[in-house]
Amino acid sequence: MIDELREYQFTTEAWEKYWTLFESLCLPIRGDKYGKLQGLWQERVGDNVTFRHLWRYESLDERARLRAQLIKVDAWRENFLPQAAAQVSQQFLQVLIPRLETVIDSLAPVRYLHKYRCPTGKAGAVIQQINTAVAEGRSHVCGLWATEFSDPNQVVVMGADTEAPQVDIQASLVVETRSLKPLRVLRT
């Protein structure tokens, strides 16, 4: 199983146009037929908006197959994509491998995104320590992922806590925390 975290950046004005397109075209066209939507979040900083959404697929091959089917849908290709692309300032995506040992029913509590930039070879140790903290009740994490693409030394955590789960490794570790506003969160 893989998850794809898609991130788009907008001006405030472009965001309003994009969100209307997303709700009226993207969601009705895609549904869960081309990947299962896990949740939607936004972050506002000044006049900029970052929109994130998380999609689940059985595998990378399944993602490629479903994306190839989606691009064949006339409404997607001719209506949504051209209008949506005109609003986007920047786009990023990450392919993530779920690594949380505790089963979580929903990403509803997610309010923070923590990204750990690990030294080479240390991501596994960070994941193990976070899973231990969750199992012992020291951290409330809704999602924990190893990054397949683009940075294999990055660990991604979503949760309700402002503070990122603490880890103790004998090397430099950079943790970036972003505050998220849920737009719509669906059951996994």
Just to be sure I understand the model, the point goes 7 Å from the Cα along the line to the Cβ. What's the resulting residue 67 to residue 13 distance in nm? 3.1
Near-label residues of region 89-116 by backbone N, under 16 Å of a point 7 Å along Cα→Cβ of residue 179: 110-114
Expressed as an acute angle from 0 to 90° and rounded to the nearest 10, what is the orientation of the C-alpha long axis of helix 12-21 relative to the principal long axis of the chain? 70
Angstrom value of the Kirkwood radius, inverse mean 1/r, which spans all Cα pairs in region 2-95: 13.7
Could you pull the Rg and Dmax for region 80-177, using just the Cα atoms, both in Å? 14.9, 48
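Run the helix sum for the chain: -39,500 (n - 2.57) per DSSP H stretch of 4+ residues, divided by residue count, reported at 222 nm to the nearest 500 deg cm²/dmol.
On the way: 5 runs with 43 residues, N = 188.
My calculation for the chain gives -6500 deg cm²/dmol from helical runs alone.
No value in this document is a laboratory result; all are computed from the given coordinates. All of these numbers come straight from a predicted model, not from anything done at the bench. Cβ: placed from backbone, ideal geometry, glycine included. Neighbour counts: every protein chain shown.
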